[in-house]
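Trainee: Provided herewith is a single structure, encoded as structure tokens, for subsequent inquiry.
The values are calculated or read from the model by the stated rules, or taken from the named source; none is laboratory data. The structure presented is a predicted model; accordingly, all values stated were derived computationally and were not measured. Ideal geometry is used to build each Cβ from the backbone, glycine not excepted, and the neighbour counts take in all protein chains shown. In case anyone asks, the SASA skips ligands and DNA or RNA and just uses the protein heavy atoms, side chains included. Shrake-Rupley method; radii C 1.70, N 1.55, O 1.52, S 1.80 Å.
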Amino acid sequence: MPEIFIAFSYKDVLYLLQAALVTIAMCAMAFSCGLPVALLIGLIRTARRIPALRWIGWAYVEVFRGTPLLMQIFIAYFGLSILGLQLPRFVAVSIPLILYTGAYMGEIIRAGVEAVPRGQWEAGSSLGMSYPQLLGYVVAPVAVRVMIPPSVGFLVQLVKGTSLAYVVGYVELTRAGYIVSQSTYATMLVFTIVGVIYFGINYPLSLVSQGLEARLKRHA
Amino acid sequence: MTYTFHWEVPLRELPAFLWGALATLEMSGVACLLGLLVATCGALARLSKRRFLRGAATAYVEAIRNTPFIVQLFYVYFGLVTFGINLEAFTVAIITLTVNCGAYSTEIIRAGIQSIHRGQTEAGLSLGMTYWQVFRYVILMPTLRVVWPPLASQFIATMLGSSVASQISAEELTYAGMMLESRTFRTFEIFFFIAIIYFLMARLFSFLFSLTGQKVFREAWGQL
Amino acid sequence: MLKLEEVHKWFGSLHVLKGISMTVSRGEVVVIVGRSGSGKSTILRCINGLEPIQRGRIEVDGEVVEAHSRHVRKIREEVGFVFQSFNLFPYYTALDNVSLALRIVKKTPSAQARSIAEEMLGRVGLSDKLEAYPDRLSGGQQQRVAIARALAMSPKLMLFDEVTSALDPELVGEVLKVMQDLAEGGMTMVVVTHEMGFARRVADRVLFIHEGQIAEEGPTEQIFTAPQNENLRSFIQSIL
């Protein structure tokens, strides 16, 4: 048992915490850049009168939900270098995550928009509102409230998704854990700490999401 | 663009990929079935009156749902090695995948059971049914009907998640791709091709689940 | 003011409106009655472009109504529509519900929009509920806010689609009173309703729709005392 503590020190913990910051940064990047994509996808999926647009949105979502995230990361990462683009590693790894966010959040947005009763749309139209006005004043207040709990739930999914950047060698929390465990042989301890850090990031988010969901159900 | 695509590389290796796909199906299939057993116990534990059971099950579910699968995989793999147990990577993958799928499925089943209104149980009992009859007709079938779509989604997600097992060298589809990649360096073509295989498998299973569900429950679900 | 010429509408293969022609003059109150499914609500929804027509022509004050066109928005600024299920915006107060369209569609300045909204809510008897959210209001109150909301746009024509059908009986009266005041004030109204007493008191003309066609129309008293059409006779008997 004592062998587990060989060569492991507080410096390694700091290293892991730094890597955790990288993880959080990746999430922030993916989520903020993914939201506009999601908005686009979500809205075109509700375009009642243009089936072609609806189909494109559907296809996009199906592709990203029907393939492993690992594959998406591989393909995007190596695909980008094929195109000759020399992007900084952080960006190159964020791109598949951005597209992934676009798909899942796009679904959430679609569900949010569809949660607005048809009658509200008609009332707004009958008052002479244009489509952009309808979206902003009639749909948004209702849809956003509906979308928040699943969005927070998705953030948890995203945090876990960043762990797969490991496979292209990018140093985020999981890769950092691997590196530390290789150099200190305190594998179990290291990965326990890594797990605890992920848990520490995600569990509060999960609680918030569950709490918001319960509150929403009560008010409905 | 100075890159020329060599699509014949993955196409040549189609048999290897098909074996890989079968291995993936085997891995995720076993994990889902075992996971279902775990989930049923877990769901009942979560709904149990005994605080210890409830707490243990909740801890299990939350621990798994809030940590990445790859970390769980490393944990189990290296953990077993540390304690001197040397299992095949494939087996380790199945174990971890079972634990993972079980946690998510627990929540699905729990929600399904809870969605059955208590009043129906009381109605059944008042009609003179035994507890077993109430369970079978009032609880079981409606619960299965409710959990079928989300459970199907979870199983498909588990199958897609099994690709991560390649990182501990478990012999499944993604690993087959990695092996070929290290020989030929045609990363893009290989993984694009493999992604298509995963996609087709996912669609196939979605369709099968939908079809089975319709036959058994006579419900008109869209695609799952 | 309002003209429908040989209007036909299909929902898929279902022929719902079979050649509807009618005119409404300024200041007239026309009530449309008929059995469920006869097409009466559909007529109303076609007038303000919520539903497209396949054949025929609808004109509001000389402007042709074409659903899904950009132009229909302009027409809707002049035509008020009140729904059976109120359709108030749930996260806005009564005051904001009424003033919203004024501000964003007619670009009325905030302060002015607010005072118009207050006045409208006063006209429907809800001056004390300005800051209330819809979920705190009774059905009758919500419907009155909906009427105020439509009125605030100073429409030339008001359309009422079975606005009391979803209300508990004791709340119907307050809404009908508002509508009667509106009619007496000279508003051009087309009302689809089951409330025969209201129709008799307030309508200038009554149209009876049967299976997508106007089976009979005429001055109110004539319709009720001497109905010609057989279907209309049995309809009136089943109501009274």
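Trainee: Listed residues B:97, B:80, B:73; which is within 12 Å of chain A (Cβ to nearest Cβ) and open to solvent by less than 20 Å² (accessible area, probe 1.4 Å)?
Mentor: The match here is B:73.
Trainee: Which residues, taken from the stretch A:51-76, are open to solvent by 40 Å² or more (accessible area, probe 1.4 Å) and touching a helix residue (DSSP H, G or I) at 6+ places or on another chain (Cβ under 8 Å)?
Mentor: Scanning the stretch A:51-76 gives A:53, A:54, A:56, A:58, A:60, A:63, A:65.
Trainee: Here are some conditions: (1) farther than 23 Å from residue A:69 by Cα; (2) assigned to a helix (DSSP H, G or I); (3) among the β-branched types (Val, Ile, Thr). Residue B:96 meets all but one. Which one does it not meet?
Mentor: (1)
Trainee: Got a sec? Which helices (runs of 4 or more DSSP H) wholly within the stretch B:136-224 have at least 1 residues that are farther than 27 Å from residue B:13 by Cβ and not acidic (Asp, Glu)?
Mentor: It comes to B:141-161, B:187-217.
Trainee: Here's a check for you: in the stretch C:30-64, which residue that is in contact with a helix residue (DSSP H, G or I) (Cβ under 8 Å, 6 or more places away or on another chain) and acidic (Asp, Glu) is surrounded by the most Cβ atoms within 10 Å (Cβ to Cβ)?
Mentor: Here the residue is C:51.
Trainee: Are any residues in the stretch C:74-125 assigned to a loop (DSSP other than H, G, I, E, B), open to solvent by less than 20 Å² (accessible area, probe 1.4 Å), more than 8 Å from chain A (Cβ to nearest Cβ) and not polar (S, T, N, Q), and if so, which ones?
Mentor: C:124
Trainee: Right, residue C:135: within 13 Å of another protein chain (Cβ to nearest Cβ), over 16 Å from residue C:185 (Cα atoms) and in contact with a strand residue (DSSP E or B) (Cβ under 6 Å, 6 or more places away or on another chain) or not?
Mentor: no
Trainee: Given the conditions (1) among the aliphatic types (A, V, I, L, M); (2) under 29 Å from residue A:154 (Cα atoms); (3) not in a helix (DSSP H, G or I), and given that residue B:85 satisfies all but one, which numbered condition is not satisfied?
Mentor: (2)
Trainee: Check whether at least one residue in the stretch A:107-119 is under 30 Å from residue B:71 (Cβ atoms), out of contact with any helix residue (DSSP H, G or I) (no Cβ under 6 Å at 6 or more places or on another chain), surrounded by fewer than 19 Cβ atoms within 10 Å (Cβ to Cβ) and facing another protein chain (nearest Cβ under 10 Å), and report yes or no.
Mentor: Looking for residues that are under 30 Å from residue B:71 (Cβ atoms), out of contact with any helix residue (DSSP H, G or I) (no Cβ under 6 Å at 6 or more places or on another chain), surrounded by fewer than 19 Cβ atoms within 10 Å (Cβ to Cβ) and facing another protein chain (nearest Cβ under 10 Å), one finds none in the stretch A:107-119, hence no.
Trainee: Here is a further query. Select from the stretch C:1-19 the residues that are exposed (fewer than 13 other Cβ atoms within 10 Å of the Cβ) and not in a strand (DSSP E or B) and list them in ascending order.
Mentor: Once the filter is applied, which keeps residues that are exposed (fewer than 13 other Cβ atoms within 10 Å of the Cβ) and not in a strand (DSSP E or B), the stretch C:1-19 yields C:12, C:13.
Trainee: Go through (1) surrounded by 16 or more Cβ atoms within 10 Å (Cβ to Cβ); (2) assigned to a helix (DSSP H, G or I) and name the single condition residue C:181 misses.
Mentor: It is condition (1) that residue C:181 fails.
Trainee: If a residue must be closer than 20 Å to residue B:152 by Cβ and within 10 Å of another protein chain (Cβ to nearest Cβ), how many such residues does the stretch B:175-204 contain?
Mentor: Adding up the residues that qualify gives 7.
Trainee: Which one of A:156, A:208 is part of a helix (DSSP H, G or I), more than 9 Å from every other protein chain (Cβ to nearest Cβ), more than 20 Å from residue B:167 (Cα to Cα) and β-branched (Val, Ile, Thr)?
Mentor: Matching residue, one of A:156, A:208: A:208.
Trainee: Please work out if residue C:59 is more than 11 Å from every other protein chain (Cβ to nearest Cβ) and free of Cβ contacts under 8 Å to residues at least 40 places away in the same chain.
Mentor: No; evaluated as a whole, the condition is false for this residue.
Trainee: I need every pair where a residue in the stretch C:149-164 that is farther than 18 Å from residue C:97 by Cβ has its Cβ under 9 Å from the Cβ of a residue that is among the acidic types (Asp, Glu), sequence separation at least 6 or different chains.
Mentor: That search, which allows pairs on different chains as well, returns C:156/C:61; C:156/C:78; C:157/C:61; C:157/C:78; C:164/C:195.
Trainee: So which residues in the stretch A:126-150 are small (Gly, Ala, Ser) and open to solvent by less than 20 Å² (accessible area, probe 1.4 Å)?
Mentor: A:126, A:128, A:143
Trainee: Mind listing just one residue for me: the one in the stretch A:166-189 that is more than 9 Å from chain B (Cβ to nearest Cβ) and touching a Leu at 6+ places or on another chain (Cβ under 8 Å) and, of those, surrounded by the fewest Cβ atoms within 10 Å (Cβ to Cβ)?
Mentor: A:176
Trainee: Kindly check whether there is at least one residue in the stretch C:189-199 that is in contact (Cβ under 8 Å) with a residue 12 or more places away in the chain and open to solvent by 80 Å² or more (accessible area, probe 1.4 Å).
Mentor: no
Trainee: Going by the conditions given, is residue C:153 surrounded by 22 or more Cβ atoms within 10 Å (Cβ to Cβ) and within 14 Å of chain A (Cβ to nearest Cβ)?
Mentor: It is true that residue C:153 is surrounded by 22 or more Cβ atoms within 10 Å (Cβ to Cβ) and within 14 Å of chain A (Cβ to nearest Cβ).
Trainee: Still on this structure, please answer the following. Which one of B:153, B:166, B:182 is open to solvent by less than 70 Å² (accessible area, probe 1.4 Å) and more than 28 Å from residue B:98 (Cα to Cα)?
Mentor: After ruling out the rest, the residue left standing is B:182.
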